[in-house]
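Notes for the one structure printed next.
The values are calculated or read from the model by the stated rules, or taken from the named source; none is laboratory data. Not measured: the values here are computed from a predicted model. Don't worry about glycine lacking a Cβ; one is built from the backbone with ideal geometry, like all the others, and counts go over all protein chains shown. Quick note on the areas: whole protein, heavy atoms, side chains included, nothing else; ligands and nucleic acids left out. Shrake-Rupley method; radii C 1.70, N 1.55, O 1.52, S 1.80 Å.
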Amino acid sequence: MTAWDYIVVGAGSAGCAVAGRLSEDGRSRVLVLEAGGSDRRLAITMPAASFLLALGNPRYDWAYKAEPDPTRAGRRDLMPRGKVLGGTSAINGMSYVRGQPADYDGWAAQGCQDWDFASVLPYFKRAEDNENGADAYHGTGGPLAVSNRRTLHRLSEAYLQSCIANGMSRMADINTPPQAGVGYVPCTQRRGRRWSAARAYLRPATGRRNLRVLTHAHVRRVLFEGKRATGVEYVHRGRTMRAEAARAVILSAGAFSSPQLLMLSGVGPSAHLRDRDVPVVHDLPGVGENLQDHPGLAQTCWANVSTYNMQTGLAHALLLGAQWLLAGTGPGSTPHSQVTAFARHDGGAGRSDIQYLFSPAGFDLSEDGPVLFDRPAVTGLLNVLRPFSRGGVRLASADPFAQPAIQPNLFADERDLELLLAGARLQRRIFETEPLSRFITGHLRPGSNVQSDDEWRAYLREGAMSAYHPAGTCKMGHDRMAVVDDRLRVRGLANLYVADASIMPAIVSGNLHATCVMIGEKAADLVRESR
């Protein structure tokens, strides 16, 4: 058995930050175990390529399928999660969105000390290298590159102006509070290349002798002596191996795999573990509960000008590939969405509760991954920022190579359906407002026949989907259903931590990557302090 000070399970947004920071001293021996492979691939580095070649591809994506959702006529969602160095930050849309200060103040109000916005802001800033410079809300010199878009499609500006015509204000920086209005999406890129968490934290640390990053290493379970985590058992290229952690095991496997790994290790709801023939080490009923995701919808319209989904032939690929390779510009450099907007469903002045994302490309997000349309089209995505519904994650079996059973229950609370309905109506108005309306020739999904509230509800129950933002399944707190305390220690156990999106008591109001990096940054300090 190999001995380390710290073992980090999962090289995603949080795990890379944890490992990078813990190994900075040059002395602490840190092992990172990642089930996927290298991120040095065109499908990862080139932003447009990852949308087409990485999402849903088992080479880079766990490509989980959710259980049929009874709240949406049995729909099964694709649940993309990165299976590669960088985790989901290597295949995501690269949107750098932090959420609202009230999100973090809400965590603190639930008893999570030092997780209020004022306390976490320094970690956001420490992580960041923002090309626009440092200010009260942004940092420079950090590992994570945050950049402006390199290329702008003319329809993106038209969408932005139509949002303004519908009463939204223009935001120069969508991450400067308050989060309300419309603006261009900052992205985790540098010179048009994806800047994943692995690119930010692990590659600069390659020369550290105290850090080892092992790919294709699938962790089977955490090892215990009594109530103390002592290491992990993993499979590497067909061989079962063990590694010992003298100070801590840190699970950063994500909102699906961290609770799955805890349960496979005997930590979770005892009745469920016995039902799956897993010996119980520690009864912790909240493991896998509290699954939250942003209920979303993709609205697609036909356009009368060329859009990015029409630029995929061989000639376009060669031309645009050369433009991206040589200059870091063009459609190849574009993040999945170019514009984002935040608004209240009722048009009021309170906290925004709907997010909009605009892409100058026509596509469908099917159960098997993205599908491009063969006519010029644009897609507007929207999602409910603070859902009321809750789902869960359970073991499908005791086989560590089986995917977990994921139940989104996206509309378990009818209020989420009504919020999404209001948001979808506003997005349709945006499409039908000048200047964007000059370029729109028809509604594809939903069609113009969807008009009444009942027609919208019926459409949403079949067409709504996960926004690919799962969180909350190992929630932080101090109540009976909390899995970790506010220092990210698994409650009732020693030397075991969780640091990823699963620890969020309530999901943040926006894309999750920036928050997960912050969690990793803060977790490294908390783990060091616990020594």
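At a glance:
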| quantity | calculated |
| --- | --- |
| C-alpha center-to-center spacing [region 301-339, region 470-485] in angstrom | 42 Å |
| Cα centroid separation, region 5-30 to region 71-142 (Å) | 19 Å |
| Using alpha-carbon coordinates, inclination of helix 154-165 to the longest axis of the chain, degrees | 80 degrees |
| Contact order normalised by residue count of the chain, Cα under 8 Å, 6+ apart, percent | 23 percent |
| Solvent-accessible area of Lys83 with every protein chain in place, 1.4 Å probe, in Å² to the nearest 10 | 60 Å² |
| DSSP-loop trypsin sites (Lys or Arg not before Pro) across region 480-520, with at most 14 other Cβ within 10 angstrom | Arg480 |
| Check: region 91-206 dipole with +1 on Lys, Arg Cβ and -1 on Asp, Glu Cβ, in debye | 760 debye |
| Neighbourhood net charge (11 Å Cβ-Cβ; Lys/Arg +1, Asp/Glu -1) for Gln113 | -3 |
| Full-extension gain in nm, Val235 to Ala118, via 0.36 nm per residue minus C-alpha separation | 38.0 nm |
| Probe 1.4 Å - accessible area at His218, Å² to nearest ten | 30 Å² |
| Cα-based helix-to-principal-axis angle, 314-327 vs the chain, degrees rounded to 10 | 70 degrees |
| Length gained when the stretch Asp374-Ile164 is fully extended (0.36 nm per residue, less Cα-Cα span) | 72.6 nm |
| For the chain, share of DSSP beta bridges that run antiparallel, in % to the nearest 5 | 70 percent |
| Within region 19-57: backbone nitrogen closer than 16 Å to the Ala317 label point (7 Å, Cα to C-beta) | 42-55 |
| Per-pair calculated FRET efficiency, R0 = 22 Å: Asp173 and Asp105 via Cβ, rounded to 0.05 | 0.65 |
| Inter-label distance, nm, simple model (7 Å from Cα along the C-beta direction), Phe401/Gln451 | 5.6 nm |
| Counted charge near Gln161, where neighbours are those whose Cβ lies closer than 13 Å (Asp, Glu -1; Lys, Arg +1) | +1 |
| Distant alpha-carbon pairs in region 145-208 (separation over 19 angstrom), percent | 49 percent |
| Rounded tilt (10° steps) of 117-127 against the dominant C-alpha axis of the chain | 90 degrees |
| Prolate/oblate/rounded call for region 1-147, Cα gyration tensor, a/c under 1.5 rounded | rounded |
| The chain: Lys pairs at Cα distance under 26 angstrom, eight or more positions apart or on different chains | 9 |
| Inter-probe distance in nm under a simple model that places probes 7 Å from Cα toward Cβ, at Thr2 and Glu414 | 5.6 nm |
